[in-house]
Amino acid sequence: MSLPVSLYYASHDGHTRRIAARFAARLREAGCAVAVTDLADRQPDAAEVTAAGVVAVIAAIRYGHHLPPARRMVTAHRARLAGKPLAVISVNLTARKPEKRTLQSSVYLRKWMARAGLSPAVAAAVAGRLDYPRYGWFDRLMIRLIMTLTKGPTDPSRTIEFTDWDQVDGLAAEIARLAGADGA
Ligand SMILES: Cc1cc2nc3c(=O)[nH]c(=O)nc-3n(C[C@H](O)[C@H](O)[C@H](O)COP(=O)(O)O)c2cc1C
C-alpha cells in the first residue's frame, strides 16, 4: 500500500492549476490516492496535515514571491511539514531556462525553503506560461521589462507555454516513488 498524496496548489492565472492536474493524473496512474486542494479556496488545518502521507505544494510566482496562499500554508505548518515526505514545486518564467530548475539554482525556491527551514525530498522549478494578452497594462509592461532584461519574448500579442511536460511527468514519478507506489 502506498501513502496517499495530498496535493496543494496556488495559482493566479490558471496555469499552475493545470500543472497540478497533470501531477494528480500521473500520480493516480502510478497507483497513488491523491487529494487536490486549491489553497485559495481552503487552507488545511493541523489535523489534516498531520494525517497526510506525502505532501506536495505547487505554487506560482508573481513579482518575486510565491503566491500568498502557498506561503501561508507552508508557514502555518512548517513544523508538521518538516516531518513529512515533502515535494515543493515552484512555477515561474525564470525556469524556462533549464539551468534554473533545481533547488540550488532557483533563487525563489531556495530562499523560500531556507526561510521556512525545510529540505523537501523533491524540490524543483517548472516553467510556466507567458500570456501577454491576458495581462493588464501594468503587468504587461513589467513582464515585458523583465523579459527584455532576461532575453525572453516581448511581443505583447503572444501567449507562450514554456512548461516542459516531460519534466512534470518525471517529477510526478519521483513523488510516486516517495509515496512507495507500485506503479512508480
Ligand atoms: C504579474 C506577474 C508577475 C510575475 N512575476 C514573476 C517573477 O517575478 N518571476 C518569474 O520567474 N515569473 C514571474 N511571473 C510568471 C508566472 O510565474 C507564470 O506566468 C506562471 O505560469 C503563472 O502561473 P499561474 O497561471 O498559475 O498564475 C509573473 C507573472 C505575472 C503575470
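Values in this text are rule-based calculations from the coordinates and carry no lab data. Since this is a predicted model, take the numbers as computed values, not measurements. Heads up, the Cβs are rebuilt from the backbone with ideal geometry, glycines too, and the neighbour counts pull from every protein chain shown.
A count restricted to segment 2-45 and to residues that are part of a helix (DSSP H, G or I) and β-branched (Val, Ile, Thr) stands at 2. In summary, Ile61 fulfils each of the numbered conditions (1) surrounded by fewer than 17 Cβ atoms within 10 Å (Cβ to Cβ); (2) under 23 Å from Met113 (Cβ atoms); (3) in contact with a strand residue (DSSP E or B) (Cβ under 6 Å, 6 or more places away or on another chain) with the single exception of condition (1). Residues that are of a type in the set (A, V, I, L, M) and within 16 Å of the ligand (Cβ to nearest atom) were ranked within segment 1-23; the one that is farthest from Asp139 (Cα to Cα) is Leu7. Scanning segment 122-149 for residues that are small (Gly, Ala, Ser) and either near the ligand (Cβ under 9 Å from one of its atoms) or more than 14 Å from the chain's Cα centre (by Cα) (or both) yields a total of 4. Can Ser119 be described as more than 17 Å from the chain's Cα centre (by Cα) and loosely packed, with under 15 Cβ neighbours inside 10 Å? Criteria not met by Ser119.
The residues in segment 24-57 that are free of Cβ contacts under 8 Å to residues at least 60 places away in the same chain and within 16 Å of the ligand (Cβ to nearest atom) can be counted, and the count is 8.
Criterion first (in a loop (DSSP other than H, G, I, E, B) and farther than 14 Å from Gly64 by Cβ) does Leu81 satisfy it? No, not satisfied.
Cβ-Cβ distances below 7 Å connect the following pairs, each with a first residue in segment 92-116 that is closer than 11 Å to Ile61 by Cβ and within 11 Å of the ligand (Cβ to nearest atom), a second residue that is in a helix (DSSP H, G or I) and not β-branched (Val, Ile, Thr), and a separation of six or more residues or different chains: Asn92/Tyr108; Thr94/Lys100; Ser106/Ala95; Ser106/Lys100. Considering the conditions (1) more than 21 Å from Lys151 (Cβ to Cβ); (2) loosely packed, with under 15 Cβ neighbours inside 10 Å, Val107 is excluded by exactly one of them, (1).
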